[in-house]
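S.K.: Below is one structure. I have some questions about it.
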Amino acid sequence: MADQIYKDSEERMRKSCESIKKQFGSLRTGKATVSLLDGIRVDYHGSVMPLNQLASISTPEARLMIVQCWDKGVVGEVAKAIQKADLGLNPLVEGNIIRLPIPTLNEERRRELAKHCKKMAEDGKVAIRNIRRDANDKLKEAEKNKDISEDDKKRGEAKVQDLTTKYSDMIDELMEAKEAEIMEV
C-alpha cells in the first residue's frame, strides 16, 4: 500500500517537473527554438490544429526560425496565428515559407522574463508540495484503516519527503539554467 502511494507520488511529481520544463521551453529568450511555437494553434479549414501538424519548423541560425507550410493555402493563417500568439515575432512571408527573425531582448524584458521564470518555478514547487501533502494524507488514512503500520507510515512519509526535495531541487536547477539563458546577452 505505502509503495503504491510512493510510486503514484513519484509519477505525479515527475509529470509536474516535465510540465515546468515544457513551460520554460516556451519562453522566448532571444535564441531560436522550435518549442517556442509549440502552443500555436492555426484555424485550418474550420478546425483548429497545432502548427507542427501543418508545417515543418527549423532553426538554421541562432536568431532565425523557418516555418515551411505543406499547404500553400494555409500560409496566411499560420502567419496570423504567429502574430496573435504575442511572442514578439514578426513573420516574413515568402511563398510557402515564413521567416521568423528572433529579436534580441532588452535588459528590462530580460528581467521581466527572469521574474516570470521564478514565478513558474515557484508554482511548480507548490504543485510538488501539494502532491506530498496528498501522499501523506493517504498514508495517514491507510494507517487509520490498519492497512499499514505506524512504522510503514513514517517510512513512507520520509520517502515522499525525499522525493519532494529531489523534484524541488530539479525545478530549481531548471529555473537557474533558464534564468542564465535569459540573462545571457
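The values are calculated or read from the model by the stated rules, or taken from the named source; none is laboratory data. Predicted model, so just to flag it, every value in this text is computed and none were measured. Glycine gets a Cβ as well: all are built from the backbone with ideal geometry, and neighbour counts include every protein chain shown.
S.K.: Can you name the residue in segment 146-167 that is small (Gly, Ala, Ser) and in a helix (DSSP H, G or I) and is also surrounded by the fewest Cβ atoms within 10 Å (Cβ to Cβ) among such residues?
M.R.: Ala158
S.K.: Next up: Within segment 96-124, take every residue that is in contact with a Lys or Arg (Cβ under 7 Å, 6 or more places away or on another chain) and within 26 Å of Glu173 (Cβ to Cβ) and give me the one that is surrounded by the most Cβ atoms within 10 Å (Cβ to Cβ). Spell out how you get there, then give the answer.
M.R.: Restricting attention to segment 96-124, the residues satisfying the condition of being in contact with a Lys or Arg (Cβ under 7 Å, 6 or more places away or on another chain) are 96, 101-102, 117.
If we keep only those that are within 26 Å of Glu173 (Cβ to Cβ) as well, we get 102, 117.
Working: Ile102: 21, Cys117: 24.
Looking at the filtered set, the residue picked out is Cys117.
S.K.: Being without any contact (Cβ under 8 Å) to a residue 60 or more places away in the chain and not aliphatic (A, V, I, L, M) narrows it down to one residue among Gln23, Gln53; which is it? Step through it out loud before you land on a result.
M.R.: Values: Gln23 fails: without any contact (Cβ under 8 Å) to a residue 60 or more places away in the chain.
Testing whether each residue is without any contact (Cβ under 8 Å) to a residue 60 or more places away in the chain and not aliphatic (A, V, I, L, M) leaves just Gln53.
S.K.: On the given criteria, is Val93 in contact with a strand residue (DSSP E or B) (Cβ under 9 Å, 6 or more places away or on another chain), more than 13 Å from Thr29 (Cβ to Cβ) and surrounded by 14 or more Cβ atoms within 10 Å (Cβ to Cβ)?
M.R.: Criteria met by Val93.
S.K.: Out of the residues in segment 68-89 that are in contact (Cβ under 8 Å) with a residue 12 or more places away in the chain and under 16 Å from Ala32 (Cα atoms), which is surrounded by the most Cβ atoms within 10 Å (Cβ to Cβ)?
M.R.: Restricting to residues being in contact (Cβ under 8 Å) with a residue 12 or more places away in the chain and under 16 Å from Ala32 (Cα atoms), the top hit is Ile82.
S.K.: For Met65, indicate whether it is outside the structural domain of Ala135 (by TED's automatic domain parsing), surrounded by fewer than 17 Cβ atoms within 10 Å (Cβ to Cβ) and on the phi < 0 side of the Ramachandran plot.
M.R.: no
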